[in-house]
């Protein structure tokens, strides 16, 4: 099932990052042990490829070179210098990355109900983020998570007795300057809760925390990446004459 998320700003790449055959690889610690990121620049570029081909009625890109392992994932589109949100959708069901990124590239760009579909004229101003979700854990309570480290997914019963869910990716609370209670209250509202938010309501929440591997690529970096690699759609890299903002 598709889920919406709040947009996030561009992530700075760690100084431990390096490039390998067009992939941006980073090391980050989980429980004190460094592991290599799966998410890559190529995944974001593939999302740009898929959206560009769809908007221009070109044949869709061939199978990409990155791993096709299954992950829960989100694709986020932002625009301009202020990184205004233009779409963010994803799934908590693990999907093979080739098909999952292809599907949620278009779902997030064209079917986010909060926003108008992205048009072809917007392409030069876009930034694409791919988030792969990992390390899911059941929290002890609604406060059992850390800002800037965990994303959270809540399940709750609204004032009409209906079960609802909502999620924020790990970056959201920190970017908004929220504490944990403010984040929970905002997430309840996002999920459609319209009643008074009390401590009893908060305590009734079932919360799952998770982590995210995230990569962001802007349009200019996308074009440069495609020009520097043997690319099947040279007209995407060479034929786009719109000004990059």
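When 93, 107 are checked against the criterion of being assigned by TED's automatic domain parsing to the domain that holds residue 70 and under 20 Å from residue 55 (Cβ atoms), a single residue qualifies: 107.
Please work out which residue is farthest from residue 220 (Cα to Cα), limiting yourself to the stretch 35-61 and to residues that are modelled with pLDDT under 95 and touching a helix residue (DSSP H, G or I) at 6+ places or on another chain (Cβ under 6 Å). Among those residues, the one meeting the criterion is 60. Considering the stretch 32-66 alone, what residues qualify as being free of Cβ contacts under 8 Å to residues at least 60 places away in the same chain, surrounded by 15 or more Cβ atoms within 10 Å (Cβ to Cβ) and not in a helix (DSSP H, G or I)? Once the filter is applied, which keeps residues that are free of Cβ contacts under 8 Å to residues at least 60 places away in the same chain, surrounded by 15 or more Cβ atoms within 10 Å (Cβ to Cβ) and not in a helix (DSSP H, G or I), the stretch 32-66 yields 64, 66. The set of residues in the stretch 88-122 being out of contact with any strand residue (DSSP E or B) (no Cβ under 9 Å at 6 or more places or on another chain) and more than 26 Å from residue 38 (Cβ to Cβ) consists of 119, 120, 121. Residue 139 falls short on exactly one of the conditions (1) buried (at least 20 other Cβ atoms within 10 Å of the Cβ); (2) in contact with a strand residue (DSSP E or B) (Cβ under 7 Å, 6 or more places away or on another chain), and that condition is (1). Can you tell me how many residues within the stretch 144-178 are within 19 Å of residue 196 (Cα to Cα) and surrounded by fewer than 16 Cβ atoms within 10 Å (Cβ to Cβ)? Matching residues across the stretch 144-178 total 9.
The values are calculated or read from the model by the stated rules, or taken from the named source; none is laboratory data. Note that the coordinates shown come from a computational prediction; the quantities given were computed from them, not determined experimentally. Glycine also receives a Cβ, built like all others from the backbone with ideal geometry; neighbour counts cover every protein chain displayed.
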